[in-house]
Each structure stands twice: as C-alpha cells, then as structure tokens.
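*Asks:* One structure coming up, written as structure tokens, with questions to follow.
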Amino acid sequence: MPQAFTSITSPAAPLMQANVDTDTIMPSREMRQVSKIGLKDGLFANWRYLNAAERVPNPDFVLNQPAYQQAQILLAGDNFGCGSSREFAVWALAEYGIRAIIAPSFGSIFFANCIRNGLLPIILPQGDIDTLAAHTPNPVTVDLQTQMISLDENKTFAFTIDETYRNMLLNGLDEIGLTEKNRAHITDFMATDQARRPWVYKQET
Amino acid sequence: MALTILDKIWSLHELPPPPQNNNVAKDNMPLILIDRIFLHERTGAIALQNLTERGLSIRTPEHVFCTMDHIVDTQPGRPQIARMPGGEVFIQALRKGAQQHGLTLFDIDSPYQGIVHVISPELAIVQPGLTLICPDSHTCTQGAFGALAWGVGSSETEHALVTKTLYLKKPPAMRVWLEGTCPQAVTAKDIMLWLIAEHGAAGAQGMVVEFAGPVVSAFDMEARMTLCNMAVEFGAFSALIAPDEKTFAWLKDRHYAPKGDNWAQALAHWQTLFSDEQAEFAVDMRVDVSQLKPMVSWGTSPEHAVPIDAPVPDIDKEASKQKAQQYIGVQSGQDMRQVPIDAAFIGSCTNSRLQDLRRAASILKGRKIADGVEAVCVPGSRAVKQAAEKEGLDKIFQAAGFAWHEAGCSMCFYVGGAGFAPGARVITSTNRNFEGRQGPAIKSHLASAETVAASAIAGYICAPDDLPADTEKRTP
C-alpha cells in the first residue's frame with residue numbers, strides 16, 4: 001500500500017537537466033533482485049558515485065551535498081523519467097526518500113508509475129521551477145490538499161493534477177482493491193464484448 | 001462524426017461508468033478493458049510475485065503470455081542462463097510465477113522464444129483492434145498491427161492481470177503523414193531518427209502517433225514496426241498504423257491468429273479500423289521524406305541525431321547538450337563520417353527482424369569488417385534466427401567477422417557480465433544512446449542495421465552508399 005501524501009516541507013534538490021532517463025535514475029546493472037526494495041543505493045548510481053561498484057561518492061552530485069542529502073523534493077528538467085518503463089526507478093526514488101518531483105514535463109510511463117507509488121509528480125512551468133531553484137536550499141512546502149507549493153507566505157505556486165490521481169495520492173489508495181469492488185460490472189462488460197468480438201475470447205492455436 | 005482509429009479502438013474498450021452506489025473514488029478516469037498482457041523476466045516476474053504474495057489471482061490467464069528476453073545469455077549455445085551475474089533469479093521467478101498462475105511461457109528453449117515485440121507479431125498474439133500491455137516501454141512497436149499497445153510499469157501490470165482493466169486518460173491523437181519518394185538509402189529507422197531530431201525527444205508529448213500516408217503503405221510490416229518502436233523515443237504514449245492487406249497477410253494462419261469462421265469475423269472487424277477521411281488530430285504533421293538521408297546519433301539522446309553527411313550542430317548554451325558532446329567526445333561542426341568505431345551491434349526490438357538481417361547481409365556479403373572492430377548480430381527471435389540460417393545469412397555475417405548470437409535483447413543495454421569494452425564507441429541498431437546504456441562509459445551511435453553493417457566494414461561511421469571502393473567484395 002503506497003504511503004498517503006498530504007503535505008511535505010523540505011529542501012528541493014535541483015537536477016536541472018532535460019531528458020533525464022530512467023536508465024540514469026536506475027541503471028539496469030543496479031536491478032539485482034526481484035524486489036521493490038533494496039534499491040536506494042543504486043539510485044542515480046552512475047552520477048552519484050565516482051566508482052559505482054565501490055560506492056565511492058561523487059561530491060559534485062546534488063544528492064551528495066549536505067544541504068540536499070535528506071531532500072524529499074527533486075527539481076527536474078523537461079521529459080524527466082523518459083525512456084525505459086522500469087518501475088524500479090520510482091521504487092528507488094521512493095526508498096531514498098523522494099516524495100515529490102517538480103518538472104516541466106515527464107515521461108508518461110514514469111508519471112504513471114509515480115502515482116502508483118505515492119510519489120507526487122508535479123508539472124510546473126520552467127520559469128516557476130527556476131524560481132524554486134534560486135530559492136534552494138531553503139525549504140519548500142508542497143501541499144497536495146491545496147495544490148500549492150510555498151516558499152513562504154508571499155511566494156506560492158499553484159499546480160494542477162488530475163482529480164483521480166490526487167485522490168489516489170491523498171488516500172494512499174490500493175488501486176486493485178478499489179477496482180475489484182466493480183468486478184461484477186467488469187464481468188458484465190466482458191459478456192457484452194464477447195458477443196461483439198468473440199474471436200478475442202477464444203484462444204485458439 | 002469522423003473518428004480516428006484511436007477513437008474506434010477506445011470506444012470498444014472503455015467501460016461505461018459503474019453503478020453510482022459504489023463509493024469508488026475513481027471520478028472521471030476512464031476504465032479500459034485490456035485484451036492481452038505480455039510479460040518478460042525483467043519487470044514481469046516482480047508483478048507475478050507480488051500477486052502471489054497478496055493471494056491475488058489472474059482474471060484471464062489464457063490471455064497472458066511470457067517470454068525470456070531481457071537478460072538471457074545470447075552467446076552461441078547459451079553457455080550461461082543469464083548474461084547478468086546473479087540474473088537467474090529473474091528467470092526463475094518468471095518461471096515460478098507462470099507456473100503458479102497457469103500462464104503460457106515461451107521459455108529459453110522454446111521454439112517461439114525471443115524479444116517480446118518480435119515474437120508477439122510472429123505468433124499473431126497482437127492483432128488489430130486489441131489493447132495489449134507489457135511492462136516494457138517499446139510495446140508501442142506492436143501498434144504497427146493496429147492494436148493499442150503500450151508500455152506500463154509493474155504495478156499497472158498487476159492491476160491489469162487481476163482486474164483485466166486499467167485506468168487511463170484518453171491520450172490525444174497525433175498523425176504523422178509520410179509522403180514523397182523514400183530514397184533507397186533511407187530506412188524506417190532513419191525516418192524516425194530524423195523526426196526525433198527535428199521535433200525533440202518529447203515531440204509527441206504523450207500522444208498516440210498514427211503513422212499514415214503512401215510511404216507507410218509501401219512499407220512492409222517489419223519497417224512499420226521499426227517506425228512504431230521508436231515512437232516512445234519521440235515521447236509518444238504509443239503508435240498506431242491502420243491494418244491493411246499486408247497486415248492481414250502477415251497474420252493469416254499464424255499460431256494464435258483466428259481460424260475459420262473466427263478469421264472471417266475478425267477480418268470484418270479489422271477492416272473497420274482506419275481513421276475516417278475527416279478525422280481530426282490534435283497534431284497533424286506531413287513529412288516529405290524525399291530529401292531525407294541515412295542518420296546517425298551524435299549524443300546521449302535519440303534527439304541528438306544528424307544526417308551522416310551533416311556536421312554535429314552548433315551547441316547552444318544548453319547544459320545537457322554540452323554534457324552529451326563531452327560524454328560522446330564529439331564537437332560542434334564535426335563530420336560524423338570517419339569517426340572511428342570500436343564495435344558494431346545489430347539487434348534489438350527496433351531492428352533485428354529478417355528483413356534487417358537480409359539487408360545487412362547484402363552489404364556484408366563478400367566483405368570483412370575492419371581490423372579491431374568487434375561486431376555482434378543478435379536475431380530478434382529463434383524463428384528469425386532459424387529463417388536467417390536457412391538462407392545462409394549466418395554464414396555471411398560470420399564470414400565478415402560478426403559473432404552470430406542466440407535471440408534476446410542482449411547488448412541493447414548493459415547489466416554487468418558480457419558487453420563491449422568499457423569506453424568503446426559502438427554503432428548500434430538499437431533505440432537508446434543514453435550515457436552508460438550499453439556499458440560503462442560506452443558511447444552509442446544509433447543508426448539503421450544497414451549503416452551499422454557498412455560502418456563495421458569501414459571501421460568508422462559510414463553510410464552503405466559511401467563504402468570506399470577498396471572494400472568491394474574482398475575474398476573472405
């Protein structure tokens with residue numbers, strides 16, 4: 001069951017580069033177990049370490065800087081999470097402690113994976129993100145109830161998110177459990193569909 | 001009302017809203033029926049494992065298929081099980097999950113084994129008008145058959161397995177109309193590299209891209225698959241090509257194709273799956289391919305690509321482009337021709353089917369690859385490999401100096417274990433040139449299978465038509 005997301009306050013770590021792909025977020029080499037946990041040390045491995053095998057930290061990488069080591073918010077560039085569908089990338093981010101990512105755009109599969117894991121992906125215009133980046137490492141508050149990002153009382157940014165996704169995140173919903181409540185409804189639809197497209201339901205070889 | 005093919009498929013799969021008395025917090029997000037689910041060991045095993053742990057069962061196991069492709073050893077004879085140290089756990093977990101849940105598994109020794117997006121069409125598992133998901137981002141490849149096929153993560157896979165549905169906001173529709181006379185030297189791969197370079201890696205912005213027009217109609221199914229495969233690198237949600245006589249001819253009599261009366265019924269439905277004349281698209285793009293050239297990537301995103309005879313563009317101040325140049329070791333204004341390569345790879349769900357191998361072989365025939373170049377060819381499936389061997393293509397590849405592998409995803413991406421040398425410059429028929437994708441510090445240059453073959457012979461990045469005279473038909 002994903003953790004519910006209401007509001008967090010944290011420094012926002014700037015990773016302001018376009019097209020950061022999921023191979024970078026979670027190199028395939030780091031996916032060693034059939035598991036959703038045990039991934040946080042592999043997060044951004046090729047950037048985070050001078051020697052990934054020996055885990056020698058790269059002091060220049062943003063998450064290795066003292067101000068950002070505990071960051072729960074990531075500021076990112078266009079098309080963040082593009083590339084491979086590997087949900088391991090989101091599991092690693094969540095396990096590390098990232099709870100929200102703010103970017104001008106996201107890879108669509110990555111975005112969907114975030115929602116399923118209680119990680120809030122926020123789409124914000126580049127200009128607003130630049131303002132947030134200038135503000136760091138001072139803490140930023142992200143409030144999903146009010147859909148506001150605040151630097152302080154005077155400086156706030158509103159963001160939009162689909163009502164359904166907002167609900168899922170606010171309540172830490174188990175998606176399968178919800179849908180199963182409508183099992184009979186789905187069965188009815190399948191019956192109608194089978195009459196219309198019978199060949200889809202017959203598995204012949 | 002004029003409908004797109006996406007509209008037609010969507011309307012058949014969107015469930016009506018559930019009864020009001022169900023306090024399901026799903027608001028207005030549509031629920032879509034999922035016809036087929038394809039799993040592989042890398043990201044599918046975890047989904048099955050989670051279902052087992054939660055005591056959940058699969059709604060229609062007969063509509064779920066599994067293959068081993070991502071980390072299987074592809075070295076000749078498969079001396080190991082996995083090419084990744086410790087990777088057997090993924091293979092064992094998929095086997096266990098498939099067995100526990102009663103799923104059809106094309107295991108490593110199966111005659112039907114191969115890369116998901118190569119075998120699904122071979123077996124006619126994908127068919128026009130179906131919704132099909134897989135925890136793999138190149139699932140869009142299968143849209144070439146007029147199916148709505150897209151990549152998802154493991155969690156959404158679990159949801160689809162248990163409920164046979166997914167929540168999905170309907171993506172907008174984009175059309176890319178390809179027209180003009182496609183130059184002989186230009187392949188589907190080159191067209192996509194051009195499109196992504198022109199409009200960016202996020203150019204398709206989560207839309208379903210319909211490829212249409214006379215150039216698409218003239219393409220065979222394999223070329224259409226290459227177009228659709230690269231759509232995700234274009235930022236698309238997925239890709240679609242309306243089925244036609246070529247699609248039906250491909251599917252007929254294949255393993256899972258409808259037979260007899262079912263075939264007639266299916267065909268009648270499939271013939272309705274086209275975008276109406278007046279259908280409107282959120283983005284409608286016409287591309288004249290007549291002036292296009294073979295392409296090659298110069299950076300660390302598929303959007304960093306140029307015609308082989310054009311220089312690396314001037315890099316503006318954009319930090320990621322500078323970083324890409326530094327990583328790959330190229331400079332603004334540099335001529336990509338004559339950039340020496342260390343390795344060449346033909347394989348992947350993008351370009352590893354029979355036509356790719358035939359065309360690459362026609363360039364390699366009677367020639368040898370340059371000294372010092374390590375070259376590998378990985379057919380996309382056991383069936384492709386066997387068909388290629390029947391025509392003697394394997395002998396041509398091997399005589400030229402290529403290693404001829406078993407089927408799998410192989411060196412498309414690095415997982416530890418066997419790979420090209422760290423820091424190598426590789427010309428590759430794959431789909432991603434991200435930093436470190438093919439191995440530590442490895443510099444990947446994306447191209448068509450034909451360009452990979454020509455470059456392997458030349459020893460530097462080279463379009464097939466530019467091979468120098470002295471490489472002509474040397475006696476092997």
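*Asks:* How much of A:Val62 can a 1.4 Å solvent probe reach, expressed as accessible area in Å² and rounded to 10?
*Replies:* 10
*Asks:* I'd like the accessible area for B:Ser352, computed on protein heavy atoms only with a 1.4 Å probe and all protein chains in place. Round to 10 Å², please.
*Replies:* Looks like 0 Å² after rounding.
*Asks:* For chain B, which whole-number percentage of the solvent-accessible area (1.4 Å probe, protein heavy atoms only) is attributable to carbon and sulfur atoms?
*Replies:* Carbon plus sulfur share of accessible area: 50 percent.
*Asks:* Then there's this: Show the residues, 5+ positions off or on another chain, whose built amide H is closer than 5 Å to the amide H of A:Ile101.
*Replies:* Those lying under 5 Å, H to H, from A:Ile101 are A:Leu74, A:Leu120, A:Ile122.
*Asks:* Which parts of the stretch A:167-186, residue by residue, lose 40 Å² or more of accessible area when the rest of the protein chains are there, as against the chain isolated (1.4 Å probe)?
*Replies:* In the stretch A:167-186, residues shielded by partner chains: A:Glu175, A:Ile176, A:Leu178, A:Thr179, A:Lys181, A:Asn182, A:Arg183, A:His185, A:Ile186.
*Asks:* Name the residues whose placed amide hydrogens come within less than 5 Å of the amide hydrogen of A:Ser85, ignoring near sequence neighbours (fewer than 5 apart) on the same chain.
*Replies:* B:Ser137
*Asks:* Would you mind getting the accessible area per residue of the protein assembly as shown, heavy atoms of the protein chains only, 1.4 Å probe, in Å²? Please report the intermediate quantities before stating the final value.
*Replies:* Details: 23910 Å² over 681 residues.
Computed with neighbouring chains in place, this is 35 Å² per residue.
*Asks:* For peptide B:296-302, what's the mean number of Cβ atoms from other chains within 10 Å of each residue's Cβ?
*Replies:* On the way: counts 0, 0, 0, 1, 3, 6, 3.
Across B:296-302, the average partner-chain Cβ count within 10 Å equals 2.
*Asks:* Next question, about the same structure. What are the ³J(HN,Hα) couplings of the stretch A:26-43, residue after residue, when phi is run through the Karplus curve with 6.51, -1.76, 1.60 and θ = phi - 60°? Round to Hz, x for glycine and proline.
*Replies:* These are the phi-based 3J(HN,Hα) values: 9, x, 4, 4, 8, 8, 9, 10, 7, 7, 8, 10, x, 10, 5, 6, x, 4 Hz.
*Asks:* Once the Cα atoms of the stretch A:136-195 are picked out, what are the Rg and Dmax in Å?
*Replies:* Taking only Cα atoms of the stretch A:136-195, I get Rg and Dmax of 19.2, 61 Å.
*Asks:* Compute the angle between helix B:45-54 and the longest alpha-carbon principal axis of chain B, please, reported from 0 to 90 degrees and rounded to the nearest 10.
*Replies:* Roughly 30 degrees between the two axes.
*Asks:* What is the Cα convex hull volume of the stretch B:277-341 when expressed per residue in Å³? List each step's numbers first, then the result.
*Replies:* On the way: hull volume 8.5 nm³, N = 65.
Convex hull of Cα atoms, per residue: 130 Å³.
*Asks:* May I ask you to order A:66-73, B:121-128, A:153-160 by the average number of other C-beta atoms within 10 Å around their residues, highest value first?
*Replies:* Taking the mean over residues of other Cβ atoms within 10 Å, the ranking is B:121-128, A:66-73, A:153-160.
*Asks:* With a 1.4 Å probe on protein heavy atoms only, work out how much accessible surface B and A bury together, total over both chains, in Å² to the nearest 100. Working shown, then result.
*Replies:* Details: alone 18870 and 11220 Å², together 23910 Å².
Roughly 6200 Å².
*Asks:* Anything over 25 Å Cα to Cα? Flag those among B:Lys368/B:Lys390; A:Lys40/A:Lys155; B:Lys246/B:Lys395, in the order listed. Don't skip to the end; give the middle numbers.
*Replies:* Values: B:Lys368/B:Lys390 22 Å; A:Lys40/A:Lys155 33 Å; B:Lys246/B:Lys395 30 Å.
Going by Cα-Cα distance, A:Lys40/A:Lys155; B:Lys246/B:Lys395 fall outside the 25 Å limit.
*Asks:* With every protein chain left in place and a probe of 1.4 Å, what is the accessible surface of B:Glu14, to the nearest 10 Å²?
*Replies:* Accessible area of B:Glu14: about 70 Å².
*Asks:* Continuing with this model, one more query. Over chain A, what relative contact order in percent results from Cα pairs under 8 Å that are six or more residues apart? Provide the component values of the computation, followed by the final result.
*Replies:* Values: 362 pairs, mean separation 51.9, N = 205.
Reported as a whole number, the value is 25 percent.
*Asks:* Could you please state how large a percent of the accessible area of the stretch A:139-205 is carbon and sulfur, counting protein chains only and using a 1.4 Å probe? Provide the component values of the computation, followed by the final result.
*Replies:* Values: 1480 of 3150 Å².
Within the stretch A:139-205, the accessible surface is 47 percent carbon and sulfur.
*Asks:* A further question follows. Measure nothing but the geometry: give the 0 to 90° angle between the long axis through the Cα atoms of B:261-270 and the longest principal axis through the Cα atoms of chain B, rounded to 10°.
*Replies:* Approximately 70 degrees, to the nearest 10.
*Asks:* If one takes the longest principal axis of the Cα atoms in chain B, at what angle in degrees, from 0 to 90 and to the nearest 10, does the Cα axis of helix B:449-458 lie?
*Replies:* On a 0 to 90 degree scale, this one is about 20.
*Asks:* How charged is the neighbourhood of A:Ser10? Take every other residue with its Cβ under 15 Å from the Cβ of A:Ser10, and add Lys/Arg as +1 and Asp/Glu as -1. Don't skip to the end; give the middle numbers.
*Replies:* Working: positive: A:Arg99; negative: A:Asp143, A:Asp152.
Within the 15 Å Cβ shell, the charges total -1.
*Asks:* Inside 10 Å of the C-beta atoms of B:260-268, what's the mean count of C-beta atoms belonging to other chains?
*Replies:* The mean count of partner-chain Cβ atoms within 10 Å per residue comes to 2.
*Asks:* For B:Val339, list long-range residues whose amide hydrogen, built 1.01 Å from N in the peptide plane, is under 5 Å from its own amide hydrogen.
*Replies:* For B:Val339, whose amide H was placed from the backbone, the distant partners under 5 Å are B:Ile461.
*Asks:* When only alpha-carbon atoms are used, what values of Rg and Dmax, in angstrom, describe chain B?
*Replies:* Final numbers for Rg and Dmax: 21.9, 78 Å.
*Asks:* Now, a different point. Relative contact order (percent) for chain B, with alpha-carbon contacts under 8 angstrom and 6 or more residues of separation? Walk me through the intermediate numbers first.
*Replies:* Working: 1137 pairs, mean separation 80.4, N = 476.
The normalised contact order for chain B reaches 17 percent.
The values are calculated or read from the model by the stated rules, or taken from the named source; none is laboratory data. Computed from a predicted model, the values in this text were never measured in an experiment. We place every Cβ from the backbone using ideal geometry, glycine too, and count neighbours over all the protein chains shown. These accessible areas exclude ligands, DNA and RNA; they are computed on the full protein's heavy atoms, side chains included. Shrake-Rupley method; radii C 1.70, N 1.55, O 1.52, S 1.80 Å.
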